[in-house]
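Enquirer: Below you'll find the structure I mean.
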Amino acid sequence: STTFSQPQVKVHVTGGYNLPLPDLKGEYPADTNSMLQKSGFNAGADVKYYLGKKRNVGITLSGAYNSFSSGDISLTGGSFITKVNIIAIGLGVEYSFMPKGKTNPFLGAEFTGNFFSGKTKTTPTGGTETEATMKSASRFGIGVGGGLDFTFNKSIGGVVGFKYNMANLIGKDSVTSTVANEYTLIDKETTATKSKNLSFIQIYAGVTFSFNHPKAIKK
């Protein structure tokens, strides 16, 4: 028989569901400090470079597009919908528990840069729809998570996992916009609003591509 050790490089291409947490999640009008998001999706990729002979410790570089929506929210005399998008870039470390197994559990943590954008549409009853755009904003945070990496053959596999993201630990701001039909991400405490902690959970699945295998071990 022939077995293969952990490859030195893995690339994952993934997609999945996003679960917003307070203060990203909320109900109108009860949660006045929330961004009112109810659900979302993610799509992304990562590269993992494993170190040493055992190759159970890796350096990770990831990128993901995260989109959230409030759905239609009723108002007196109309309705509105608001959306938030977050592009997240992460650099971190990972530990693999069974690097030679066909099923390999892993845990990881990363430092992330998060780039926010968004849009809000208001539709009055019998009136003209208006639209406002969120000014692009940058925040920094952390992501921690884990999952299972499956090996189908030497080059192809699959992955399932989750990641908890705290997107705005660093860089909170309270500056408002003076541009018409533009608003800003106000997540820093002001005299009128509390500080916002914007976090969410990614649940994902995808395909694994493996590169730079060590020589086969024949038994």
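The values are calculated or read from the model by the stated rules, or taken from the named source; none is laboratory data. All values reported here derive from a predicted model rather than from experimental measurement. Neighbour counts run over all protein chains shown; Cβ positions are idealised from the backbone, glycine included. Surface accessibility is based on the protein's heavy atoms, side chains included, excluding ligands, DNA and RNA. Shrake-Rupley method; radii C 1.70, N 1.55, O 1.52, S 1.80 Å.
Enquirer: Could you report segment 1-131's accessible area per residue, 1.4 Å probe, as an integer in Å²?
Expert: Result: 51 Å² per residue.
Enquirer: Return the lysines within reach of residue 38: Cα separation strictly under 27 angstrom, same-chain partners fewer than 8 residues apart disregarded; answer none if there are no such residues.
Expert: In chain and number order, the partners are 25, 83, 119, 121, 135, 163, 172, 188, 194, 196.
Enquirer: Same structure, new question: For segment 54-144, which GluC sites (Glu not before Pro) are both in a DSSP coil and crowded by at most 16 other Cβ atoms within 10 Å?
Expert: Filter output for segment 54-144: 129.
Enquirer: Along the three principal axes, how long is segment 1-158 when you take its alpha carbons, biggest first, rounded to the nearest angstrom?
Expert: So the three principal-axis extents are 72, 28, 24 Å.
Enquirer: Just report the Cα centroid separation between segment 151-181 and segment 18-68, whole Å.
Expert: Going from one Cα centre to the other spans 4 Å.
Enquirer: Can you pull out the trypsin sites (Lys or Arg not before Pro) in segment 1-63 that DSSP calls coil and that have at most 12 other Cβ atoms within 10 Å?
Expert: Passing both the DSSP loop test and the Cβ count: 53, 54.
Enquirer: In addition: Of all the accessible heavy-atom surface of the chain, with the other protein chains kept in place and a 1.4 Å probe, what percent is carbon and sulfur?
Expert: Here it works out to 62 percent.
Enquirer: Suppose every Lys and Arg Cβ carries +1 and every Asp and Glu Cβ carries -1, with no other charges. What dipole size does the chain come out with about its Cα centre, to the nearest 20 debye?
Expert: 1440
Enquirer: Also: Provide Rg over Rh for segment 69-219; use the alpha carbon set for both Rg and the Kirkwood Rh (inverse mean inverse pair distance).
Expert: Ratio of gyration radius to Kirkwood radius: 1.15.
Enquirer: Can you classify segment 114-175 as rounded, prolate or oblate using the Cα gyration tensor, where a ≥ b ≥ c are the square roots of its eigenvalues, rounded means a/c under 1.5, and otherwise it's prolate if a/b beats b/c and oblate if not?
Expert: Because a/c hits 1.5 or more and a/b fails to exceed b/c, segment 114-175 counts as oblate.
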